[in-house]
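The numbers here are math on the coordinates, done by the rules we state, and not lab data. Owing to the predicted nature of the structure, the values given are computational and were not obtained by experimental measurement. Note: ideal-geometry Cβ built from the backbone for every residue, glycine included; neighbour counts use all protein chains shown.
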Amino acid sequence: MVLHSRSGQFRSKSPAKEPAFVSDQVSQARRYYLNLKPLESVPLIVVCGGVEKMRWDYVVSRDLFPYFAIEMVTEGRGELTLAGNAFSLSPGMIFAYGPTTPHRIANHSSQRMRKFYVDFVGRDAERVLIETGLMAGQPLRVTRMHELIELIEQSVYPMCAESLQQ
């Protein structure tokens, strides 16, 4: 496992090179990488995740992506295009996309976004996202965003840092 931090909050070994799918248009990032090439025959497996503070010029546009992804905006404003449909992003918006979902995420320059993300694969990945309503082609609003952020901060990142020390 590798945990990478541009913010300096975690002092751990960075990967020699960030994976190609990771944007460098961020001013701060805390990322973790597990197995980026897992067997897709497993039911569901997380491959990486993190939190990023976007630069004013942040734009990610992809037709393909190697994993399923869930992203949640916690600060700022932006625009999301999923399969040709545009949506405004603001704090509390959560959305997902799959490997073949064309998507574009752009920051509004005056209100830089901060977003958490998790990428995963597996034979049940798409079914799980469909059942949660996240693959309906539009973002949803999280009503208790701060509780979800606290859960992520208190559970995911300490486990990553602990694994690095072992």
Response to the item:
Checked region 41-166 with the C-alpha gyration tensor, a ≥ b ≥ c its square-rooted eigenvalues, rounded below a/c of 1.5, otherwise prolate if a/b is larger than b/c and oblate if not; verdict oblate
Item to complete: Filter the GluC sites (Glu not before Pro) in region 21-107 down to the DSSP loop ones having no more than 15 other Cβ atoms within 10 Å, then list what survives.
Response: Glu40
Worksheet item: Counting every Cα pair in region 13-109, what percent are over 20 Å apart?
Response: 39
Worksheet item: By count of other Cβ within 10 Å, fewest leading, how are Asp124, Asp24 ordered?
Response: Asp24, Asp124
Worksheet entry | Stretchable slack from Glu79 to Leu34, in nm (0.36 nm times residue separation minus alpha-carbon distance) | 13.3 nm
Worksheet item: What length, rounded to one decimal in nm, is gained on full extension from Thr100 through to Glu147, with 0.36 nm per residue of separation minus their alpha-carbon distance?
Response: 13.8 nm
Worksheet, complete the sentence: Of 100-108, 114-122, ordering from highest average Cβ density within 10 Å down gives 114-122, 100-108
